[in-house]
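**Q** Below is the structure I would like to discuss, written out as structure tokens.
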Amino acid sequence: MSCTIEKALADAKALVERLRDHDDAAESLIEQTTALNKRVEALCSAGSLLPFLFLSHVDQITEMAAVMRKAIEIDEQQGCKEQERIFQLEQENKGLREILQITRESFLNLRKDDMSESSSLSALVTNSDLSLRKS
């Protein structure tokens, strides 16, 4: 079961790294969008026809930024689910260890009882044996 927890932890670390990458990409897209918007505004104020050409690129970049934000949101939700699952597995592992410890202790107590009973029986057999020999 510890292998499963280790794998889940490794997956969670990978998700965190992916979230950082997505966040960096989203920030870059936002910066690019802002820069393009400024250029479009500058071209519009100059009366140039170029803003119409840039406008489609701005829309694409804005759409890509929205997709990146959604991907980050989904990754964060997935990361939370994995953390919850890791916690559940840790609790289950703890409970199983407690049950195992109780079982071990019970088994050892049964063995002690069996050992003491067999030594008592051994003494009885020896005493009976001596009584029979004397007769």
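The values are calculated or read from the model by the stated rules, or taken from the named source; none is laboratory data. Every value quoted in this text rests on a predicted model; they were computed, and no experiment measured them. Cβ coordinates were reconstructed from backbone atoms using ideal geometry, including for glycine residues, and neighbour counts include every protein chain displayed.
**Q** Could you list all residues from the stretch 6-41 that are aliphatic (A, V, I, L, M) and surrounded by 15 or more Cβ atoms within 10 Å (Cβ to Cβ)?
**A** 8, 12, 15, 19, 25, 26, 29, 30, 36, 40
**Q** Out of (1) modelled with pLDDT under 85; (2) within 30 Å of residue 90 (Cβ to Cβ), the odd one out for residue 62 is which?
**A** (2)
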